[in-house]
Amino acid sequence: MTDTAPIAAIATAPGMGAIGVVRVSGPNLATLIGSLIGAPLKPRQAVLARFRDAAGEVLDVGLALYFPAPHSYTGEDVLELQAHGGPVVLHLLLKRCLELGARPAQPGEFTQRAYLNDKLDLAQAEGVADLISAATVEAARGALRSLQGVFSQEVERLVRQLIELRALVEATLDFPEEEIEVLRQAAFGERVEVVLGYLDRVLSASQKGRLIRDGLQVVLVGRPNVGKSSLINKLVNEDVAIVTDIPGTTRDTIRQTIDIAGIPVHLVDTAGLRDPGDPIERIGIERSWSAIRGADLLVVIQEAVREEEDPAFMTEFPSDLPRIVVLNKADLIGGVKASGLRDGSERIWVSAKTGAGLDLLRDAIRERAGWSSPGEGFFMARQRHLEALERAKGYLANAREKGRGLEILAEELRLAQEAVSSITGEFTSDDLLGEIFARFCIGK
Ligand code: GDP
(Lines give C-alpha, C1' and ligand atoms only; values in the text may rest on other atoms or scores of the structure.)
Protein backbone atom coordinates (compact mmCIF):
# COMPACT_ATOMS: atom_id res chain seq x y z
CA MET A 1 0.00 0.00 0.00
CA THR A 2 2.93 2.32 0.54
CA ASP A 3 4.34 1.55 -2.91
CA THR A 4 4.29 4.86 -4.77
CA ALA A 5 6.35 3.86 -7.80
CA PRO A 6 4.88 5.25 -11.02
CA ILE A 7 2.28 2.96 -12.54
CA ALA A 8 1.14 2.74 -16.14
CA ALA A 9 -1.67 0.99 -17.98
CA ILE A 10 -3.72 1.06 -21.12
CA ALA A 11 -6.91 2.68 -19.86
CA THR A 12 -9.16 1.99 -22.84
CA ALA A 13 -10.86 -1.32 -23.56
CA PRO A 14 -8.93 -3.95 -25.53
CA GLY A 15 -9.53 -4.05 -29.26
CA MET A 16 -9.33 -1.43 -31.96
CA GLY A 17 -10.75 2.05 -31.64
CA ALA A 18 -10.24 5.54 -32.97
CA ILE A 19 -8.37 6.51 -29.84
CA GLY A 20 -6.64 4.58 -27.10
CA VAL A 21 -5.40 5.99 -23.82
CA VAL A 22 -2.28 5.09 -21.88
CA ARG A 23 -2.30 6.46 -18.39
CA VAL A 24 0.63 6.99 -16.03
CA SER A 25 0.52 8.08 -12.39
CA GLY A 26 3.40 8.68 -10.02
CA PRO A 27 5.00 11.09 -7.59
CA ASN A 28 7.14 12.82 -10.19
CA LEU A 29 6.67 12.35 -13.91
CA ALA A 30 8.72 15.28 -15.22
CA THR A 31 11.70 13.10 -16.24
CA LEU A 32 9.48 10.48 -17.86
CA ILE A 33 7.67 13.20 -19.82
CA GLY A 34 10.98 14.74 -20.90
CA SER A 35 12.26 11.43 -22.27
CA LEU A 36 9.00 10.42 -23.91
CA ILE A 37 7.98 13.74 -25.44
CA GLY A 38 11.18 15.75 -25.46
CA ALA A 39 9.74 18.83 -23.78
CA PRO A 40 7.86 19.69 -20.59
CA LEU A 41 4.06 19.81 -20.77
CA LYS A 42 1.86 22.66 -19.61
CA PRO A 43 -0.50 21.55 -16.87
CA ARG A 44 -4.02 20.58 -17.96
CA GLN A 45 -3.54 21.52 -21.61
CA ALA A 46 -3.95 19.14 -24.50
CA VAL A 47 -0.76 19.21 -26.53
CA LEU A 48 -0.15 17.49 -29.86
CA ALA A 49 3.05 15.56 -29.28
CA ARG A 50 5.35 12.93 -30.72
CA PHE A 51 5.82 9.96 -28.42
CA ARG A 52 9.35 8.61 -28.89
CA ASP A 53 11.20 5.41 -28.11
CA ALA A 54 14.69 5.21 -26.54
CA ALA A 55 16.38 5.75 -29.92
CA GLY A 56 14.29 8.85 -30.62
CA GLU A 57 12.08 7.04 -33.17
CA VAL A 58 8.51 8.27 -33.18
CA LEU A 59 6.11 5.58 -31.85
CA ASP A 60 2.95 7.59 -32.43
CA VAL A 61 1.66 11.13 -32.66
CA GLY A 62 -1.16 12.02 -30.33
CA LEU A 63 -2.41 14.24 -27.56
CA ALA A 64 -0.64 14.45 -24.24
CA LEU A 65 -2.32 15.71 -21.09
CA TYR A 66 -0.47 16.40 -17.88
CA PHE A 67 -2.11 16.86 -14.49
CA PRO A 68 0.51 17.74 -11.86
CA ALA A 69 -0.09 16.65 -8.27
CA PRO A 70 -2.24 17.20 -6.33
CA HIS A 71 -4.87 18.28 -8.86
CA SER A 72 -5.34 14.98 -10.61
CA TYR A 73 -7.47 11.85 -10.40
CA THR A 74 -4.97 10.03 -8.20
CA GLY A 75 -3.58 13.05 -6.38
CA GLU A 76 -0.16 12.27 -7.93
CA ASP A 77 1.27 13.52 -11.22
CA VAL A 78 -0.86 11.98 -13.96
CA LEU A 79 -0.01 11.75 -17.63
CA GLU A 80 -2.54 10.71 -20.24
CA LEU A 81 -1.47 9.84 -23.72
CA GLN A 82 -4.23 9.77 -26.30
CA ALA A 83 -2.82 7.70 -29.09
CA HIS A 84 -4.21 5.84 -32.07
CA GLY A 85 -6.38 3.09 -30.70
CA GLY A 86 -4.71 -0.05 -31.98
CA PRO A 87 -3.38 -2.79 -29.71
CA VAL A 88 0.16 -2.71 -31.14
CA VAL A 89 0.59 1.07 -30.84
CA LEU A 90 -0.80 1.09 -27.32
CA HIS A 91 1.43 -1.78 -26.20
CA LEU A 92 4.49 -0.03 -27.63
CA LEU A 93 3.59 3.10 -25.72
CA LEU A 94 2.96 1.18 -22.53
CA LYS A 95 6.27 -0.65 -22.94
CA ARG A 96 8.03 2.68 -23.37
CA CYS A 97 6.49 4.02 -20.14
CA LEU A 98 7.64 0.87 -18.33
CA GLU A 99 11.15 1.37 -19.73
CA LEU A 100 11.08 4.86 -18.28
CA GLY A 101 10.50 3.57 -14.77
CA ALA A 102 6.80 2.88 -14.43
CA ARG A 103 5.51 -0.56 -13.52
CA PRO A 104 2.29 -2.11 -14.82
CA ALA A 105 -0.71 -0.97 -12.77
CA GLN A 106 -2.79 -3.53 -10.89
CA PRO A 107 -6.55 -3.54 -11.46
CA GLY A 108 -8.08 -0.51 -9.80
CA GLU A 109 -4.72 0.84 -8.70
CA PHE A 110 -5.29 4.36 -10.02
CA THR A 111 -8.52 4.59 -8.05
CA GLN A 112 -6.85 2.98 -5.04
CA ARG A 113 -4.24 5.74 -5.10
CA ALA A 114 -6.99 8.32 -5.41
CA TYR A 115 -8.54 6.79 -2.31
CA LEU A 116 -5.25 6.67 -0.40
CA ASN A 117 -4.60 10.30 -1.31
CA ASP A 118 -8.06 11.32 -0.04
CA LYS A 119 -9.38 12.23 -3.48
CA LEU A 120 -12.43 10.10 -2.83
CA ASP A 121 -13.72 7.85 -0.07
CA LEU A 122 -14.33 4.14 -0.38
CA ALA A 123 -18.03 4.38 -1.24
CA GLN A 124 -17.17 6.87 -3.99
CA ALA A 125 -14.41 4.59 -5.32
CA GLU A 126 -16.93 1.77 -5.46
CA GLY A 127 -19.22 4.15 -7.33
CA VAL A 128 -16.54 4.46 -10.02
CA ALA A 129 -16.51 0.69 -10.58
CA ASP A 130 -20.29 0.50 -10.41
CA LEU A 131 -20.68 3.24 -12.99
CA ILE A 132 -18.41 1.40 -15.40
CA SER A 133 -20.26 -1.88 -14.95
CA ALA A 134 -23.79 -0.40 -14.74
CA ALA A 135 -26.24 -2.62 -16.59
CA THR A 136 -29.12 -0.15 -16.82
CA VAL A 137 -29.55 3.60 -17.08
CA GLU A 138 -30.95 3.65 -13.56
CA ALA A 139 -27.90 1.78 -12.24
CA ALA A 140 -25.60 4.25 -13.98
CA ARG A 141 -27.44 7.19 -12.42
CA GLY A 142 -27.24 5.63 -8.98
CA ALA A 143 -23.54 4.91 -9.36
CA LEU A 144 -22.89 8.47 -10.46
CA ARG A 145 -24.67 9.78 -7.39
CA SER A 146 -22.46 7.57 -5.20
CA LEU A 147 -19.39 8.75 -7.06
CA GLN A 148 -20.40 12.34 -6.44
CA GLY A 149 -20.69 11.60 -2.74
CA VAL A 150 -24.45 11.57 -2.17
CA PHE A 151 -24.35 8.21 -0.38
CA SER A 152 -21.19 9.19 1.52
CA GLN A 153 -22.90 12.36 2.76
CA GLU A 154 -25.74 10.34 4.25
CA VAL A 155 -23.23 7.99 5.83
CA GLU A 156 -21.30 10.92 7.28
CA ARG A 157 -24.50 12.35 8.67
CA LEU A 158 -25.22 9.08 10.42
CA VAL A 159 -21.69 9.02 11.79
CA ARG A 160 -22.09 12.55 13.16
CA GLN A 161 -25.32 11.59 14.90
CA LEU A 162 -23.62 8.57 16.44
CA ILE A 163 -20.71 10.74 17.60
CA GLU A 164 -23.16 13.06 19.33
CA LEU A 165 -24.73 10.14 21.15
CA ARG A 166 -21.30 8.89 22.15
CA ALA A 167 -20.28 12.29 23.43
CA LEU A 168 -23.36 12.38 25.59
CA VAL A 169 -22.62 8.99 27.12
CA GLU A 170 -18.91 9.65 27.55
CA ALA A 171 -19.62 12.94 29.31
CA THR A 172 -22.02 11.16 31.63
CA LEU A 173 -19.32 8.64 32.52
CA ASP A 174 -17.70 11.43 34.54
CA PHE A 175 -20.74 11.71 36.81
CA PRO A 176 -21.52 8.11 37.66
CA GLU A 177 -23.86 8.92 40.56
CA GLU A 178 -26.28 10.85 38.45
CA GLU A 179 -25.82 8.96 35.21
CA ILE A 180 -29.42 7.89 34.69
CA GLU A 181 -30.72 11.32 35.48
CA VAL A 182 -28.26 13.02 33.14
CA LEU A 183 -29.16 10.77 30.27
CA ARG A 184 -32.85 11.17 30.95
CA GLN A 185 -32.60 14.93 30.94
CA ALA A 186 -30.71 14.83 27.68
CA ALA A 187 -33.57 12.76 26.23
CA PHE A 188 -31.05 10.10 25.34
CA GLY A 189 -33.68 7.45 24.64
CA GLU A 190 -35.52 9.64 22.15
CA ARG A 191 -32.31 10.58 20.43
CA VAL A 192 -31.38 6.94 19.95
CA GLU A 193 -34.83 6.41 18.40
CA VAL A 194 -34.28 9.29 16.00
CA VAL A 195 -30.92 7.90 14.88
CA LEU A 196 -32.40 4.41 14.51
CA GLY A 197 -35.18 5.83 12.35
CA TYR A 198 -32.67 7.59 10.17
CA LEU A 199 -30.53 4.48 9.94
CA ASP A 200 -33.60 2.54 8.81
CA ARG A 201 -34.27 5.01 6.02
CA VAL A 202 -30.67 4.79 4.78
CA LEU A 203 -30.87 1.01 4.99
CA SER A 204 -34.06 0.80 2.98
CA ALA A 205 -32.70 3.17 0.31
CA SER A 206 -29.57 1.03 0.20
CA GLN A 207 -31.53 -2.20 -0.19
CA LYS A 208 -33.24 -0.68 -3.22
CA GLY A 209 -29.86 0.32 -4.58
CA ARG A 210 -28.47 -3.15 -4.20
CA LEU A 211 -31.32 -4.43 -6.31
CA ILE A 212 -30.50 -1.87 -9.00
CA ARG A 213 -26.83 -2.78 -8.83
CA ASP A 214 -27.01 -6.55 -8.62
CA GLY A 215 -30.34 -7.11 -10.28
CA LEU A 216 -32.92 -9.81 -9.86
CA GLN A 217 -32.34 -13.49 -10.66
CA VAL A 218 -35.39 -14.81 -12.46
CA VAL A 219 -35.40 -18.50 -13.35
CA LEU A 220 -37.66 -19.70 -16.15
CA VAL A 221 -38.89 -23.25 -16.19
CA GLY A 222 -41.28 -25.10 -18.46
CA ARG A 223 -41.68 -28.28 -20.49
CA PRO A 224 -40.32 -28.37 -24.02
CA ASN A 225 -42.50 -26.57 -26.56
CA VAL A 226 -44.40 -24.33 -24.14
CA GLY A 227 -42.67 -21.40 -25.84
CA LYS A 228 -39.95 -20.65 -23.32
CA SER A 229 -37.34 -19.70 -25.93
CA SER A 230 -39.88 -17.62 -27.83
CA LEU A 231 -40.80 -15.76 -24.66
CA ILE A 232 -37.19 -15.11 -23.68
CA ASN A 233 -36.37 -13.91 -27.18
CA LYS A 234 -39.33 -11.58 -27.23
CA LEU A 235 -38.41 -10.08 -23.85
CA VAL A 236 -34.73 -9.80 -24.74
CA ASN A 237 -35.41 -8.16 -28.09
CA GLU A 238 -37.63 -5.57 -26.50
CA ASP A 239 -35.79 -4.90 -23.27
CA VAL A 240 -32.22 -6.03 -23.52
CA ALA A 241 -30.02 -4.26 -21.00
CA ILE A 242 -26.75 -2.67 -21.95
CA VAL A 243 -24.83 -5.54 -20.42
CA THR A 244 -21.74 -6.89 -22.04
CA ASP A 245 -19.00 -8.60 -20.10
CA ILE A 246 -19.31 -7.67 -16.50
CA PRO A 247 -17.32 -9.96 -14.24
CA GLY A 248 -19.76 -12.31 -12.63
CA THR A 249 -22.54 -11.54 -15.07
CA THR A 250 -20.94 -12.89 -18.19
CA ARG A 251 -23.62 -13.54 -20.71
CA ASP A 252 -23.87 -17.17 -21.62
CA THR A 253 -26.47 -19.39 -23.20
CA ILE A 254 -28.47 -19.76 -20.02
CA ARG A 255 -28.43 -16.18 -18.91
CA GLN A 256 -29.68 -12.98 -20.51
CA THR A 257 -30.18 -9.64 -18.85
CA ILE A 258 -33.13 -7.39 -19.55
CA ASP A 259 -34.00 -3.99 -18.16
CA ILE A 260 -37.30 -3.73 -16.31
CA ALA A 261 -37.92 -0.23 -14.91
CA GLY A 262 -34.19 0.17 -14.34
CA ILE A 263 -33.68 -3.18 -12.62
CA PRO A 264 -31.26 -5.50 -14.39
CA VAL A 265 -33.31 -8.68 -14.53
CA HIS A 266 -31.17 -11.75 -15.18
CA LEU A 267 -33.23 -14.39 -16.93
CA VAL A 268 -31.83 -17.84 -16.27
CA ASP A 269 -33.02 -20.42 -18.76
CA THR A 270 -33.27 -23.95 -17.48
CA ALA A 271 -33.43 -25.60 -20.90
CA GLY A 272 -31.31 -28.73 -20.88
CA LEU A 273 -31.44 -29.11 -17.13
CA ARG A 274 -33.21 -32.44 -17.44
CA ASP A 275 -30.51 -34.31 -19.29
CA PRO A 276 -27.16 -34.60 -17.52
CA GLY A 277 -25.43 -35.64 -20.79
CA ASP A 278 -21.65 -35.67 -20.93
CA PRO A 279 -19.32 -34.44 -18.15
CA ILE A 280 -18.79 -31.01 -19.69
CA GLU A 281 -22.49 -30.49 -19.99
CA ARG A 282 -22.85 -31.59 -16.39
CA ILE A 283 -20.58 -28.75 -15.31
CA GLY A 284 -22.83 -26.35 -17.19
CA ILE A 285 -25.86 -27.86 -15.53
CA GLU A 286 -24.28 -27.63 -12.11
CA ARG A 287 -23.62 -23.95 -12.80
CA SER A 288 -27.23 -23.43 -13.80
CA TRP A 289 -28.34 -25.04 -10.59
CA SER A 290 -26.17 -22.79 -8.51
CA ALA A 291 -27.71 -19.79 -10.29
CA ILE A 292 -31.12 -21.24 -9.56
CA ARG A 293 -30.37 -21.75 -5.89
CA GLY A 294 -29.68 -18.02 -5.69
CA ALA A 295 -32.91 -17.17 -7.52
CA ASP A 296 -35.22 -14.40 -6.38
CA LEU A 297 -38.19 -15.45 -8.47
CA LEU A 298 -39.37 -18.47 -10.40
CA VAL A 299 -41.38 -18.09 -13.58
CA VAL A 300 -43.18 -21.29 -14.55
CA ILE A 301 -44.27 -21.32 -18.16
CA GLN A 302 -47.17 -23.41 -19.38
CA GLU A 303 -49.42 -23.43 -22.40
CA ALA A 304 -52.71 -21.58 -22.06
CA VAL A 305 -54.52 -24.35 -23.94
CA ARG A 306 -53.88 -27.00 -21.33
CA GLU A 307 -53.31 -27.36 -17.65
CA GLU A 308 -49.94 -28.92 -17.05
CA GLU A 309 -48.12 -30.62 -14.30
CA ASP A 310 -44.97 -28.97 -13.10
CA PRO A 311 -41.76 -30.47 -14.49
CA ALA A 312 -40.38 -33.15 -12.17
CA PHE A 313 -37.17 -31.23 -11.39
CA MET A 314 -39.19 -28.38 -9.91
CA THR A 315 -39.32 -30.23 -6.61
CA GLU A 316 -35.68 -29.20 -6.25
CA PHE A 317 -36.64 -25.54 -5.96
CA PRO A 318 -37.03 -24.12 -2.48
CA SER A 319 -40.73 -24.15 -1.61
CA ASP A 320 -40.63 -20.57 -0.35
CA LEU A 321 -39.26 -19.19 -3.62
CA PRO A 322 -41.87 -16.74 -4.98
CA ARG A 323 -43.31 -17.87 -8.28
CA ILE A 324 -45.35 -16.55 -11.16
CA VAL A 325 -47.17 -18.92 -13.50
CA VAL A 326 -47.19 -17.73 -17.10
CA LEU A 327 -49.76 -19.19 -19.49
CA ASN A 328 -48.27 -18.70 -22.93
CA LYS A 329 -49.86 -18.92 -26.39
CA ALA A 330 -52.91 -16.99 -25.20
CA ASP A 331 -53.48 -16.07 -28.86
CA LEU A 332 -54.68 -19.67 -29.34
CA ILE A 333 -57.51 -19.22 -26.85
CA GLY A 334 -58.68 -15.88 -28.16
CA GLY A 335 -56.41 -13.54 -26.21
CA VAL A 336 -55.09 -12.85 -22.74
CA LYS A 337 -57.32 -13.26 -19.68
CA ALA A 338 -57.23 -11.13 -16.54
CA SER A 339 -54.40 -12.11 -14.23
CA GLY A 340 -55.29 -13.77 -10.98
CA LEU A 341 -54.09 -15.79 -8.05
CA ARG A 342 -54.35 -19.55 -7.78
CA ASP A 343 -52.81 -21.69 -5.05
CA GLY A 344 -50.86 -18.65 -3.93
CA SER A 345 -49.20 -18.13 -7.32
CA GLU A 346 -49.96 -15.25 -9.61
CA ARG A 347 -51.14 -16.41 -13.06
CA ILE A 348 -50.54 -14.25 -16.07
CA TRP A 349 -51.66 -14.92 -19.64
CA VAL A 350 -49.30 -13.88 -22.40
CA SER A 351 -48.54 -14.53 -26.03
CA ALA A 352 -44.89 -14.69 -26.99
CA LYS A 353 -46.12 -14.59 -30.56
CA THR A 354 -48.06 -11.31 -30.42
CA GLY A 355 -46.44 -9.77 -27.34
CA ALA A 356 -49.79 -9.51 -25.58
CA GLY A 357 -49.58 -9.64 -21.79
CA LEU A 358 -45.82 -9.05 -21.64
CA ASP A 359 -46.31 -5.71 -19.90
CA LEU A 360 -48.31 -7.48 -17.21
CA LEU A 361 -45.47 -9.96 -16.82
CA ARG A 362 -42.91 -7.16 -16.52
CA ASP A 363 -45.08 -5.39 -13.94
CA ALA A 364 -45.42 -8.59 -11.95
CA ILE A 365 -41.64 -9.11 -11.93
CA ARG A 366 -41.07 -5.49 -10.91
CA GLU A 367 -43.59 -5.79 -8.08
CA ARG A 368 -42.02 -9.00 -6.85
CA ALA A 369 -38.77 -7.11 -6.64
CA GLY A 370 -40.45 -4.61 -4.34
CA TRP A 371 -39.69 -1.79 -6.73
CA SER A 372 -42.43 0.74 -7.26
CA SER A 373 -40.95 3.72 -8.98
CA PRO A 374 -37.43 4.60 -9.94
CA GLY A 375 -36.08 7.96 -8.86
CA GLU A 376 -33.75 9.49 -6.39
CA GLY A 377 -34.83 7.37 -3.44
CA PHE A 378 -32.00 4.86 -3.46
CA PHE A 379 -28.29 4.55 -2.88
CA MET A 380 -26.15 2.37 -5.06
CA ALA A 381 -25.29 0.02 -2.23
CA ARG A 382 -23.34 -3.18 -2.13
CA GLN A 383 -23.79 -6.16 0.14
CA ARG A 384 -20.87 -4.85 2.19
CA HIS A 385 -22.72 -1.59 2.86
CA LEU A 386 -25.93 -3.35 3.83
CA GLU A 387 -24.07 -5.59 6.26
CA ALA A 388 -22.38 -2.59 7.86
CA LEU A 389 -25.70 -0.78 8.28
CA GLU A 390 -27.32 -3.93 9.72
CA ARG A 391 -24.46 -4.31 12.19
CA ALA A 392 -24.81 -0.69 13.27
CA LYS A 393 -28.53 -1.17 13.69
CA GLY A 394 -27.92 -4.16 15.96
CA TYR A 395 -25.55 -2.22 18.21
CA LEU A 396 -27.87 0.75 18.33
CA ALA A 397 -30.82 -1.44 19.19
CA ASN A 398 -28.76 -2.87 22.09
CA ALA A 399 -27.99 0.65 23.22
CA ARG A 400 -31.70 1.27 23.46
CA GLU A 401 -32.17 -1.42 26.08
CA LYS A 402 -32.56 -0.16 29.60
CA GLY A 403 -30.47 -1.12 32.56
CA ARG A 404 -27.14 -1.64 30.86
CA GLY A 405 -23.99 -0.21 32.32
CA LEU A 406 -22.74 3.06 30.91
CA GLU A 407 -19.46 1.51 29.78
CA ILE A 408 -21.31 -1.11 27.78
CA LEU A 409 -23.53 1.55 26.28
CA ALA A 410 -20.48 3.57 25.27
CA GLU A 411 -18.96 0.49 23.67
CA GLU A 412 -22.12 -0.36 21.70
CA LEU A 413 -22.21 3.16 20.32
CA ARG A 414 -18.53 3.03 19.43
CA LEU A 415 -19.08 -0.21 17.52
CA ALA A 416 -22.10 1.25 15.73
CA GLN A 417 -20.04 4.22 14.62
CA GLU A 418 -17.21 1.97 13.48
CA ALA A 419 -19.60 -0.14 11.40
CA VAL A 420 -21.11 2.89 9.64
CA SER A 421 -17.70 4.47 9.09
CA SER A 422 -16.41 1.33 7.37
CA ILE A 423 -18.68 2.20 4.42
CA THR A 424 -16.63 5.23 3.51
CA GLY A 425 -13.39 3.48 4.39
CA GLU A 426 -12.47 4.38 7.95
CA PHE A 427 -11.41 1.36 9.98
CA THR A 428 -11.32 -0.70 6.80
CA SER A 429 -8.72 -3.46 6.70
CA ASP A 430 -6.07 -3.60 3.99
CA ASP A 431 -7.38 -7.04 3.01
CA LEU A 432 -10.83 -5.68 2.32
CA LEU A 433 -9.40 -2.73 0.40
CA GLY A 434 -7.35 -5.12 -1.72
CA GLU A 435 -10.43 -7.19 -2.43
CA ILE A 436 -12.50 -4.16 -3.45
CA PHE A 437 -9.92 -2.69 -5.82
CA ALA A 438 -8.93 -6.04 -7.33
CA ARG A 439 -12.38 -6.16 -8.95
CA PHE A 440 -11.79 -2.97 -10.91
CA CYS A 441 -10.50 -3.07 -14.44
CA ILE A 442 -6.86 -2.38 -15.20
CA GLY A 443 -6.23 1.27 -16.00
CA LYS A 444 -9.03 2.54 -13.70
P1 GDP B 1 -39.59 -24.08 -25.90
O2 GDP B 1 -39.27 -25.49 -26.24
O3 GDP B 1 -40.38 -24.01 -24.65
O4 GDP B 1 -38.41 -23.19 -25.87
O5 GDP B 1 -40.59 -23.56 -27.02
P6 GDP B 1 -40.35 -22.68 -28.34
O7 GDP B 1 -40.12 -21.27 -28.00
O8 GDP B 1 -39.34 -23.35 -29.18
O9 GDP B 1 -41.77 -22.77 -29.00
C10 GDP B 1 -42.39 -24.02 -29.35
C11 GDP B 1 -43.42 -23.78 -30.42
O12 GDP B 1 -44.47 -22.96 -29.93
C13 GDP B 1 -42.85 -23.05 -31.63
O14 GDP B 1 -43.45 -23.60 -32.79
C15 GDP B 1 -43.34 -21.60 -31.42
O16 GDP B 1 -43.51 -20.90 -32.64
C17 GDP B 1 -44.65 -21.81 -30.73
N18 GDP B 1 -45.01 -20.70 -29.90
C19 GDP B 1 -44.25 -20.12 -28.93
N20 GDP B 1 -44.95 -19.12 -28.34
C21 GDP B 1 -46.14 -19.04 -28.96
C22 GDP B 1 -47.30 -18.21 -28.78
O23 GDP B 1 -47.37 -17.31 -27.94
N24 GDP B 1 -48.35 -18.45 -29.59
C25 GDP B 1 -48.33 -19.45 -30.54
N26 GDP B 1 -49.42 -19.59 -31.28
N27 GDP B 1 -47.27 -20.23 -30.71
C28 GDP B 1 -46.18 -20.04 -29.94
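The values are calculated or read from the model by the stated rules, or taken from the named source; none is laboratory data. If you're wondering where the values come from, they're calculated on a predicted model, not measured in any experiment. All Cβ positions, glycine included, derive from the backbone under ideal geometry; neighbour counts span all protein chains shown. When the accessible area is computed, the model is the full protein with side chains, heavy atoms only, and any ligands, DNA or RNA have been set aside. Shrake-Rupley method; radii C 1.70, N 1.55, O 1.52, S 1.80 Å.
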>> Around residue 346, under 11 Å between beta carbons, what's the net of Lys plus Arg minus Asp minus Glu among the other residues?
In response: +1
> What Kirkwood hydrodynamic radius do you get for segment 380-444 when you take the inverse of the mean 1/r over all pairs of distinct Cα atoms, in Å?
Replying inline: 13.3 Å
>> What is the distance in Å between the Cα centroid of segment 197-219 and that of segment 351-408?
In response: 4 Å
>> Kirkwood hydrodynamic radius, computed over distinct alpha-carbon pairs, for segment 7-119: how many Å, to one decimal?
In response: 13.8 Å
> For segment 320-422, what is the per residue volume of the convex hull drawn over the alpha-carbon atoms, in cubic angstrom?
Replying inline: 168 Å³
>> Can you list residues from other chains, or at least 5 along the same chain, whose modelled amide H is less than 5 Å from the amide H of residue 321?
In response: none
> For the chain, what is the accessible area per residue in Å² when the probe is 1.4 Å?
Replying inline: 49 Å²
>> Over segment 67-202, what portion of Cα pair distances is larger than 18 Å, expressed as a whole percent?
In response: 72 percent
> HN-Hα J couplings of segment 57-65 from phi, Karplus 6.51/-1.76/1.60, θ = phi - 60°, integer Hz, Gly and Pro as x?
Replying inline: 5, 7, 8, 6, 10, x, 9, 10, 10
> Taking a quarter of the surface of the convex hull around the Cα atoms of segment 113-174, what do you get in nm²?
Replying inline: 5.4 nm²
>> Take the chain, mark every one of the GluC sites (Glu not before Pro) that falls in a DSSP loop and has at most 14 other Cβ within 10 Å, then report the longest stretch left between them, sites excluded.
In response: 58-306
> Where in segment 17-59 are there trypsin sites (Lys or Arg not before Pro) that are in a DSSP coil and have at most 15 other Cβ atoms within 10 angstrom of their Cβ?
Replying inline: 44
>> For the chain, take every pair of Cα atoms, bin their distances at 20 Å starting from 0, and report each bin as a whole percent.
In response: 21, 39, 32, 8, 0
> GNM on the chain, C-alpha springs below 10 Å: top fluctuator among 366, 191, 210?
Replying inline: 191
> Taking only pairs that are 8 or more places apart or on different chains, how many Lys pairs in the chain have Cα atoms under 12 angstrom apart?
Replying inline: 5
> Cβ under 14 Å from residue 70's Cβ, residue 70 left aside: what net charge do those residues give with Lys, Arg +1 and Asp, Glu -1?
Replying inline: 0
>> With θ taken as phi - 60° and the coefficients 6.51, -1.76 and 1.60, list the Karplus ³J(HN,Hα) couplings across segment 96-102 in order, rounded to whole Hz; mark glycine and proline as x.
In response: 4, 5, 5, 4, 8, x, 7
> DSSP beta bridges in the chain, what fraction antiparallel, as a percent rounded to 5?
Replying inline: 60 percent
